[in-house]
Each structure stands twice: as structure tokens, then as C-alpha cells.
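The values are calculated or read from the model by the stated rules, or taken from the named source; none is laboratory data. Predicted model only: the values in this text are computed from it and were never measured. Every residue, glycine among them, receives a Cβ derived from its backbone with ideal geometry; neighbour counts consider all protein chains shown.
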Amino acid sequence: MTSASPNLIEGTPPGQTRDLRTLAIVGHPNVGKSVIFHALTGKYVNVSNFPGTTVDLSMGRGKFGNAEWSVCDTPGVISLRARTDDERVARDFLLETEPDVILQVADAKNLSKAIHLTLELSEFNKPMVLALNMADEAQDRGITIDFQRLSALLGIPVIETVAINGEGIPALKEALSAARLLKVGPRYDRQLVESLEKIETSFSADRTGHRAVAISLFNNDRTVWNQAASRATAGRLGQLEADVAEAQKRFSRPAELMMFEGKQHVVQEIVGEVLAVKKPGGRGWLGKLGLWSMRPFPGYLIAALALYSMYQFVGVFGAGFLVGVMENDVFGRFINPAVTKAVNFAVPFPIVRDAIVGEYGVMTMALTYAFALILPIVTTFFLFFSFLEDSGYLPRLAVMMDRFFRLMGLNGRAVLPMVLGLGCDTMATVTTRIMDTKKEKIILSLLLTLAVPCSAQLGAILGMAAGLSWRVWFIWIGVLSGTMMLVGWAAAKVIPGSRSPFLVELPPLRLPKFGNIAKKVKMRLKWYTKEVIPLFVLATFVLFILDKIHLLSRITTLASPFVVGFLGLPALATESFLIGFFRRDYGAAGFFQMAQAGLLDPRQVAVSMVVITLFMPCVAHLLITIKERGFRVAMLISAFVFGFALLVGGSLNWILQRTSFL
Amino acid sequence: MQTSPMTKLPSEHDEMIEEALGVILEASESGTTGRPEIEALLTSRLNSNVLKELGERGMVDLKGESVSLTVDGEARAKSLMRRSRLAERLLKDVLNVPDEFIEPAACQWEHILSKEVADSICTLLGHPKQSPRHQPIPPGECCRTSLTQVAPVVQPLSKIAPGQSARISYLLMKQHPELDRLLSMGLVPGTTVEVLQHYPTFVVQVNESQIAFDEAIAEGVFVHPRP
């Protein structure tokens, strides 16, 4: 678990050691944990209105209440009976590092759910503070909470916040120094408590949170055994296993239900005492829009409208207008001529000059691509995506797309990675964790690698097909969606495992705040440029070297039977494929230039569009896929995608040559 | 139940025999079949060890180390279990009897419900598969023929029309993890849900949350429709 508390404390200068306290922020998805993390540490993490977007731990430092704090933001959890990867990340963090204080952030609109989680957290046995966030939305809905009474019942500070506006943050900072142990906990069946206590006797006394481990063990959660083993006193592991098995055999009712009931009574008592709800007078217009957007009519119309707006904003405005300005005017007229002049003047060695401003120059090729072609497109995409994300529309789109994704062995939740993949497949691969089963994660990774074009590449593709017949578009969209469905369907049949049912909580539709969108776009762009530019420069430099040692022309000749014969493309296309190995958008940009120079006929445009779209996304994507899916699966996916892309391209070429469609 | 004037009602001893069969069946469901364990269970639950008598009456097989029910014994035990668990469902879902009174009442009812009455209750409740405490209810004749003449009182959520509200009476999930999810999301027995739509997926409103799910889940949430 990265640089969490123990190591961190050792790493600080001696004088401060005692003052550095650790704080874990825990809560349901989508309740504002990340916003509060930002308010406490000044560090920004990605915030979104889609459950499950903080997929890792974020660490930061903050100073408040006379102490220095190490703060950790954990992924949203529905329950700490961890079932998904992110829930496990959160639970394991609490168990491993045993933070000094747990801050639970909860939605003030859903007090019962909040208290359920509070009771689960009581089993980690740490001082707590409860922040009831989005208090403004609760008020709008006629919900009143007696905060003082709630605080007295729970025995911990309870703070009302509207984190997004900074309301309640000073009070929260103060309260963190006054964190207390909870006064209440679940009231389980007496026999269950006996069994749990028996399990806990095997744990060493110098750790806390045994109850949470015991419950997960009882719940037959295999993933907690590591934790359990690390807590078991020497030689007790066998006894522990026997106790767990005995406890599980003792009850014929589902474990989840017994635990739920143990909490439910307590929750009802507490909520009954502190909560008053005035019946609201119907839904506001956003509420109505939220409902409409999920009905077949006008839901699919709204989805189509969203897609069309995206095309207008990213495709026409970003890839058309902005790229034009950047490429022709900014770089074509000013920057590149100026840099060329300067380099020619200042650098005496022709080979170095070539490396910077030559045909395969870092400046003229790599940086021009990165800044003139890719940056405007990626920026407009992220603006649009962040807007969609913050508005709360994406989970509703998941509802609309559920049946479609079911054909491919997935469910509607896959919509987030898929749409994000239109921006950057690498980022999207990280979010495949929101799927429940391993099978779904593999299918999703495969489809992202194969059939979801990223925005940088889309820009180049839009450019290539500009001015050509609609038929080129028709072929591209047809082949791509056909491939996706066919491969998804086949993968669902072939890959062992199960599909999980679709279940998602829908956050309310909100009008996004520009400030938040801007922050998000800035962060994503930073990530993107950090990842992209070194790769562009590297790829260009490799090309430059290959060219200088005349290997490039040899590879081109070698590959030409294949590229020219099978795919029916000009020999020069080999270069684009070569750089496509580094980043396929870069490859697409190569094809774009060939098309601009009039080197491709419509058939060749269609074939190259299809092949480069199906190609593997980029080196970074490969690395992330290895990290998320493991080396073996990543290699299998890559081998399949590489072969399949060329096969589809070859077949398309064969068909187009024999028909007069283009 | 102490002194019954009606001849048809079972004697106290017969009740105990039935109880004992039930205890053995439940024990075997959770994997306990050893003779000493069963004897201990019977003694603690019924204050009497009737195992030998059960063997003499041909309801259990006492040969060997373990205890197993004979075909006859199992049929009687299952029938008892079915009556008892159906009674629990009826008390809980229709009569809204508080939890602590359900089990004692069901324990008495189970002996006096006839097979026909049990089948009627079963049909009324929509042929439930689990007791309120999530123990399986053995199917009866009526479940196999799926009688529906008596309109079911408790239905799966998938049968509730959009715009209608219903009170959740229990959740039946093939995989328990989803059950846990639903509970944490606020789909809790006793709460009222409003069904907003069926297609493309189900969407329901529970308090301040909207939750979307597919049919697989909608068919596992059993509700009490409200006019």
C-alpha cells in the first residue's frame, strides 16, 4: 500500500514524528470524499459523478488542529464486506495501516445508508468523525437532521458540510482533533457474536479492528485471509481456520442477512430519532430530465443528441477548426519556420539539425503532432467528457446501453470505460475495475484495445475522411461496430466465467460547475501530456535513426508485399504502421498526412482507417493492460488484436477491390 | 394445544416425533449426520432422545455411524418443514406479525396445518422459495402445478407496473453478494419502492435514491403491492 503510515512516519524528521497523524477518508461512492480530500490537503484528485471513479488510494498532507496529518482518500465503498476491487483496496488500507482517525463522508440525503456504513466502520475500532455532506441538497428535499442529537447518539463529532462550496470545512478540520470511538455498534445475534469472538481469540492483541476481519472471514471472503494470517498469533492459523469453518457451518441463514439485521435495528432507532422529512412537492426539471433520459423515448434521442453534440464540439470545432488554426497558422507559419531558422543558424552539424527540424525531426514531426494535432482534440474531448461526467448523465446512459452491452457478456456499467476510451484507452483501462467479474474485465480490456478509437486518433481519422463520400464513413462505422459486437459476443462465449447482473445507483442530475470541469480537464491533460510527449519524441527518434541507417527503406521494402499486396496501401504506409506501434494515433496522423498529400485513394483511406483504428492503442496502454490484467492476458489480447486488425484490413481491401462500392 | 378435544389433531407425542424428524433434516442440511451429534441435538431441543423410537417406526436408518432419514421419514420431515416455513411467511408477509412472535406461532401451526391448507397458503403467497429467515421451503404439489387461482399477495418486483409503489417483503438472490449490495443501497425489507420504469432496465425510487437494475435482480426482489 504505497507510502502509507509506518514508512511515512519513519521518513519524517524526528521532531515531527509524534505530530504526524494519519487520517483515512471513507464513504459511499459519489458523496464528495475527493472534494473533502482536496479541501484538507490542497491536492486535487479526479472527482466525478459516476460511482467508482476513484479507483486507487490518493495520499496527501494537511495541517489543521495543531497537528500535521497524512490524509488518504479511499475508493468509494457500498459496504466494507468488500466485494469489488476498490472495496478491497479501502478495506485493506484500513486494516493494514490502522489510521489514527477515520473520517466518514456521507450523503446527508441518505442518512440510513450512512449509518449502516458507520456501524460497519465501528468494527475497525478507530476514533471517527462523520461529515454529512451535500447538506444543501438534503435541505432542498425537506430533510432535517438533528445533528446534536445524532452526535450524542453516535458519540462522535458529526459535521454538516457542503464541501463543494467549502461550507463546514473549518468546523470539520477542528472536529478531526476531537475524533472519538463510536458509542454504538451492530447488535448481532448472540450466537453469531459468540462465534465471532471465538474467531478473534486467534488474533494478536496489539492490533485493532479484529471484528472487521472476523466478519469478512465468516462471510467467506477469501481475500481477507492475508490480513487474518498477519494478525494470527503464532501457531494459531489452523485453529483459526477451524473456528471459521465451524462458525460458517453453525448458521443456515445467509451471513450477509444476519449482519444486515444486526445493523438495521440500530440504524432504525437512530434515524427515527434524528431525522424529519417534509414530503417534497414533486420533482424539479432536472429530476424530470433525469427520468426522461432513461426511457426509450426520448432517452435514445437524448443519447443521440449527446453523441451529435460531441461530434460537433470535438470533431468539428476541435479537430476541424482548432487543429486548422494550430497546424497551419501557429505551427506552420510561425513556430516551425522560426525554430527551423534558429536551428539552422545555431547548430553546425547537419545530422543534429535533421534530428530536430528534418523530415523526422523532434520539432517538425513529434511536437507538431503532439501540440497542433492532438492537443486541441484531446482538450475538447476532455471538456465534453468532464461535463457529461459531472452532470450525472453517464449512469443514465448505462441504463440505456445495458441491453447492448449484454450481447457482449458485459452490462451497462461498461459504458463509463467505453466512453472514456473515446478519449484515451489507457485511462479507460484503469477504470475497467468497476466491473465485478474477471471475465467482464477481460472482455472490456479486449474491446477497448481493439475497437474503441481514442480521441487523438479520431481527430486524425475525421481529417482523413473529410471531403470523401459518406460511404467511407459507412464502411468505417459498420466494420468497427460489427467487429466490436462479433468479437464481444464471441469473447463472451469463449472466456470462462460469469456475467454479473446490472445494478447501479443513479446520482441526481446536476448542472456542472465550470470550475470543477476546468480542474478536471487540467488534471487529465497533465496526465496525458506527460504520457504522450515522451513517447512521440521517442517514436520519432527511432524513425529518424532507422532512416539514417537506411533501415527504414529496407523495412518498407520487406513489408511491402504485405502492405501493398495484402492491404493494398502504398509502401510509404509501412512508416505509419511502424510509428503506430508506439501510438496508433501517431500512426493515424501519419495516414492523415498521406491523405492530405493525395497519396491515398478512397479505398485506401477506408482500409487504413479501419486497420489503424483496430490496431493496439499505444505502449502506455500495453503497460497498463499488463498491470491490470496480468502479462499473459495482455499478451494474448495484443496478439489477437494485431492479427485481427490486419486480417480485417486485408479482407476489407479484398472486398472493396472486387466491388464498386467505393 | 395442551388437551385437544378434536380427534384429528396430533397427540403431544406425535408432535414430538415430527419435531424430531425436523431437527434431523435441518441438521443434515447443514452437514451434521453423526449419531452422537444428532442425539445431543435431540436431547437439547426436545428434552428427550427419541432416536431409537424413530428407528423402530422405520423413519430413520440407524445402521452405521451416521443417522439418515428413510424415504418415509424424509417425506414427513419435509412436509413439516414446509408447513412451518410457510406459516412463517404468512405471519410475516401478510399478517405483519413482529419477528419475535413469528417462530413460536409457526412452531404450533406447523402441526395443525393440513396439506391442503398449506398448499392454499403457498399459492396465496406466490409459491415462495424461502422462509423469512432465508431457509428453503420444500416445494409442494401446488408449486409443481403452479396454481395461480388465488391471486398472489407477494410478487416479484418485475410484476409491478411502472408508476406503482410496493413494499419490499423479502429478497431472494441466487448469489448472496448481490443481496448485500441491494441492502446497502437501501432496498431493505419493509421499505417502500416506487417502480419508475421497466425498460431498458428497471429503475426504482427508494427514499432519495434511484437505483437501476436488470430483470435478474428484479425477479429476486419480492414485494407486497400497494394500491
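Take the range A:493-533 and flag every residue that is small (G, A, S), more than 30 Å from A:A370 (Cβ to Cβ) and surrounded by fewer than 19 Cβ atoms within 10 Å (Cβ to Cβ). If the condition is that a residue be small (G, A, S), more than 30 Å from A:A370 (Cβ to Cβ) and surrounded by fewer than 19 Cβ atoms within 10 Å (Cβ to Cβ), then A:G497, A:S498 are the ones that fit. Checking each residue of the range A:59-77 against the condition of being within 13 Å of chain B (Cβ to nearest Cβ) and at pLDDT 85 or above gives at least one match.
One residue stands out in the range B:181-206 among those that are surrounded by fewer than 19 Cβ atoms within 10 Å (Cβ to Cβ) and in a loop (DSSP other than H, G, I, E, B): the one that is nearest to the other protein chains (Cβ to nearest Cβ), namely B:Y199. If you filter the range A:505-547 down to residues that are of a type in the set (D, E) and out of contact with any strand residue (DSSP E or B) (no Cβ under 8 Å at 6 or more places or on another chain), you find that the one that is nearest to the other protein chains (Cβ to nearest Cβ) is A:E531.
Residues that are touching a residue at least 60 places away in the same chain (Cβ under 8 Å) and within 14 Å of chain B (Cβ to nearest Cβ): does the range A:319-335 have at least one? Give the steps one after another, and end with the answer.
Filtering the range A:319-335 for residues touching a residue at least 60 places away in the same chain (Cβ under 8 Å) gives A:319-320, A:323.
From what's left, within 14 Å of chain B (Cβ to nearest Cβ): none.
So far as the range A:319-335 goes, no, none of its residues is touching a residue at least 60 places away in the same chain (Cβ under 8 Å) and within 14 Å of chain B (Cβ to nearest Cβ).
For the range A:247-265, the criterion of being touching a residue at least 12 places away in the same chain (Cβ under 8 Å), of a type in the set (G, A, S), farther than 30 Å from B:Q210 by Cβ and within 14 Å of chain B (Cβ to nearest Cβ) is satisfied by at least one residue. Could you list, in sequence order, all residues of the range A:517-554 that are farther than 25 Å from A:P376 by Cβ and in contact (Cβ under 8 Å) with a residue 60 or more places away in the chain? If the condition is that a residue be farther than 25 Å from A:P376 by Cβ and in contact (Cβ under 8 Å) with a residue 60 or more places away in the chain, then A:F544, A:D547, A:K548 are the ones that fit.
Taking the conditions exactly as written (within 14 Å of chain B (Cβ to nearest Cβ), loosely packed, with under 15 Cβ neighbours inside 10 Å and hydroxyl-bearing (S, T, Y)), does A:S481 satisfy them or not? When the stated conditions are applied, A:S481 does not pass them. Taking the range A:615-641 as the range and being part of a helix (DSSP H, G or I) and loosely packed, with under 15 Cβ neighbours inside 10 Å as the test, the residues that pass are A:L623, A:K627, A:F631, A:R632, A:M635, A:L636, A:A639.
Condition (residue is at pLDDT 90 or above, buried (at least 16 other Cβ atoms within 10 Å of the Cβ) and hydroxyl-bearing (S, T, Y)) applied to the range A:606-614: is it met by at least one residue? Within the range A:606-614, one or more residues are at pLDDT 90 or above, buried (at least 16 other Cβ atoms within 10 Å of the Cβ) and hydroxyl-bearing (S, T, Y). Of all the criteria given as (1) out of contact with any Gly (no Cβ under 9 Å at 6 or more places or on another chain); (2) more than 22 Å from A:V323 (Cβ to Cβ); (3) among the acidic types (D, E), the one not satisfied by A:E359 is (2). Consider A:L176 carefully, then state whether it is farther than 25 Å from A:T22 by Cβ and either out of contact with any Phe, Trp or Tyr (no Cβ under 7 Å at 6 or more places or on another chain) or buried (at least 23 other Cβ atoms within 10 Å of the Cβ) (or both). Considered against the rule, which asks whether it is farther than 25 Å from A:T22 by Cβ and either out of contact with any Phe, Trp or Tyr (no Cβ under 7 Å at 6 or more places or on another chain) or buried (at least 23 other Cβ atoms within 10 Å of the Cβ) (or both), A:L176 comes out as no. Given the structure, is A:A242 of a type in the set (A, V, I, L, M), surrounded by fewer than 17 Cβ atoms within 10 Å (Cβ to Cβ), farther than 30 Å from B:G163 by Cα and at pLDDT 90 or above? Criteria met by A:A242.
So, in the range A:489-504, of the ones that are under 20 Å from A:L636 (Cβ atoms) and among the β-branched types (V, I, T), which residue ends up nearest to the other protein chains (Cβ to nearest Cβ)? Residue satisfying both the conditions and the ranking: A:I495. For the range A:281-289, the condition of being touching a residue at least 24 places away in the same chain (Cβ under 8 Å), farther than 17 Å from A:G392 by Cβ and away from chain B (no Cβ under 14 Å) holds for none of the residues. Counting only strands (runs of 3 or more DSSP E) that fall entirely inside the range A:98-202 and contain at least 2 residues that are away from chain B (no Cβ under 14 Å) and under 34 Å from the mean Cα position of the chain (by Cα), the qualifying elements are A:101-107, A:128-133, A:158-160.
Selection of helices (runs of 4 or more DSSP H) fully inside the range A:208-312 by the criterion of at least 3 residues being under 36 Å from the mean Cα position of the chain (by Cα), assigned by TED's automatic domain parsing to the domain that holds A:V158 and of a type in the set (F, W, Y) returns nothing. Output yes when any residue across the range A:12-30 is modelled with pLDDT of 85 or more, closer than 30 Å to A:F382 by Cβ and part of a helix (DSSP H, G or I), and no when none is. No, because not a single residue in the range A:12-30 is modelled with pLDDT of 85 or more, closer than 30 Å to A:F382 by Cβ and part of a helix (DSSP H, G or I). Among the residues of the range A:464-495, those identified as within 17 Å of A:Q604 (Cβ to Cβ) and either within 28 Å of the chain's Cα centre (by Cα) or charged (D, E, K, R) (or both) are A:R471, A:W476, A:V479.
The selection criterion, being out of contact with any Lys or Arg (no Cβ under 7 Å at 6 or more places or on another chain) and either of a type in the set (A, V, I, L, M) or not in a helix (DSSP H, G or I) (or both), holds for A:L511.
In this structure, A:I545 does not qualify as modelled with pLDDT under 85, among the β-branched types (V, I, T) and assigned by TED's automatic domain parsing to the domain that holds A:S455.
Among the candidates B:A87, B:A40, the residue that is of a type in the set (A, V, I, L, M) and under 20 Å from B:C143 (Cβ atoms) is uniquely B:A87.
Per-residue answers, yes or no, for (1) touching a helix residue (DSSP H, G or I) at 6+ places or on another chain (Cβ under 6 Å); (2) within 24 Å of B:P128 (Cα to Cα); (3) hydroxyl-bearing (S, T, Y); (4) not assigned by TED's automatic domain parsing to the domain that holds B:I160:
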| residue | (1), (2), (3), (4) |
| --- | --- |
| B:L187 | no, yes, no, no |
| B:G190 | no, yes, no, no |
| B:E194 | no, yes, no, no |
| B:P200 | yes, no, no, no |
| B:S209 | no, no, yes, no |
| B:I217 | no, yes, no, no |
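A Cβ distance below 9 Å, combined with a sequence gap of six or more or placement on separate chains, defines the contacts here; from the range A:592-616, residues that are not assigned by TED's automatic domain parsing to the domain that holds A:W473 reach no residue that is at pLDDT 90 or above. Taking A:P348 as the residue in question, decide whether it is outside any helix (DSSP H, G or I), surrounded by fewer than 18 Cβ atoms within 10 Å (Cβ to Cβ) and away from chain B (no Cβ under 14 Å). The answer is yes for A:P348. In the range B:68-94, the residue that is nearest to the chain's Cα centre (by Cα) out of those that are surrounded by fewer than 22 Cβ atoms within 10 Å (Cβ to Cβ) and of a type in the set (G, A, S) is B:S79. Within the range A:399-421, identify whether any single residue is surrounded by fewer than 24 Cβ atoms within 10 Å (Cβ to Cβ), closer than 21 Å to A:V532 by Cα and touching a residue at least 40 places away in the same chain (Cβ under 8 Å), and answer yes or no. No, the conditions are met nowhere in the range A:399-421. For the range B:103-125, residues that are more than 18 Å from B:E19 (Cβ to Cβ), aliphatic (A, V, I, L, M) and over 13 Å from the mean Cα position of the chain (by Cα) total 2.
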